[in-house]
Amino acid sequence: AQKVTQAQTEISVVEKEDVTLDCVYETRDTTYYLFWYKQPPSGELVFLIRRNSFDEQNEISGRYSWNFQKSTSSFNFTITASQVVDSAVYFCALNRDDKIIFGKGTRLHILP
Amino acid sequence: DAGVTQSPTHLIKTRGQQVTLRCSPKSGHDTVSWYQQALGQGPQFIFQYYEEEERQRGNFPDRFSGHQFPNYSSELNVNALLLGDSALYLCASSFPGSYEQYFGPGTRLTVT
C-alpha cells in the first residue's frame, strides 16, 4: 500500500527558531517521487520541492532544507530561522503512477 | 503565463442537487487531475483526464464524474450531493512525462 504519514498534526515555534517537519512514506515501488507542498490560508497548494527515489542528496534552498533517507523511508523538511510568513499547512506527498498521495499535513504556527 | 484557474471560487448547494466545477490547465499542459480536500485533511485523488478520457480514478463513487474538452480544460460533476461532499476541490495540471503537478486555487463547495 502507498501511504504518507505526517505524525505532527500541529507545531508552534517562536519566530527565528528552526523547525523540522517529519514525513514517513510507504511504497513497494522502486521508482517514485516525493514532494512537499505549502498551503497558506488562501488554500492554493504551493510546490516546494520534488525528489526522485534515486536521488538521496539533501537539498537546501535558502532557509529551507530537505533530508531524504531511503533507509528509513523518511523525507523531512527543515525551516531555518523561521518567519511569520512560514505559517501554513505543509503537506508531504508521494507520486505513484501520476497520482499524488498526500499526508494529512502539519499545521505550522510561527509566533512573533 | 496563466497558471491553473478554477471556477467558481465558492459555491453553496443543497443536498440532492448537482454541481459542476471547472478547471483550465496551465499553458502547455494536457493532463488534468482532480482532488477533494475535506477540512483538516490532505487532498484525496478523485480522477485524472488525458486526451479527453478518464485515465485513472481514486476511491470515489460514480456520483463523481468528469469531462475533458479538446482545449484540455476540464469539468468535475457531482450528482446527488451529500453533506459530506463539502470540501475544497483542487484541480492540478501536468504535461506528459512530468511527475510534477501544478495546482489551482480550488473551489470551496458547501453543501447544506
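Since every read-out is calculated from the coordinates, none of them should be taken as a lab result. Values in this document were obtained by computation on a predicted structure and should not be read as measured data. Neighbour counts are summed over all protein chains in view; Cβ atoms, including those assigned to glycine, are modelled from backbone coordinates with ideal geometry.
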Which far-off residues, 5 or more places away or on another chain, put their amide H under 5 Å from the one on B:Thr31, with H placed in the peptide plane?
B:Ser94
What's the longest bit of chain A with no exposed trypsin sites (Lys or Arg not before Pro), using DSSP loop states and at most 14 other Cβ atoms within 10 Å as the test?
A:64-112
Roughly how many debye, to the nearest 20, is the charge dipole of chain B about its Cα centre, given +1 on each Lys and Arg Cβ, -1 on each Asp and Glu Cβ, and no other charges?
480
Using every alpha carbon pair in the protein assembly as shown, what percent of pairs falls into each 10 Å bin from 0 up to the bin containing the largest distance?
8, 32, 35, 20, 5, 0
Among B:His29, B:His10, rank each residue by its count of other Cβ atoms within 10 Å, from fewest to most, as a rough exposure measure.
B:His10, B:His29
Most fluctuating of B:Ser94, B:Ser73, B:Ser27 in the GNM of chain B (C-alpha, under 10 Å) is B:Ser27
Environment charge of A:Ser53, counting only residues whose C-beta is closer than 9 Å and scoring Lys/Arg +1, Asp/Glu -1
-1
So what are the ³J(HN,Hα) numbers for the range A:63-71, from phi and the Karplus equation (6.51, -1.76, 1.60; θ = phi - 60°), rounded to whole Hz, Gly and Pro as x?
7, 9, 9, 10, 10, 9, 10, 5, 4
Rounded to whole Å, give me the distance from the Cα center of the range B:13-76 to that of the range B:93-112.
8
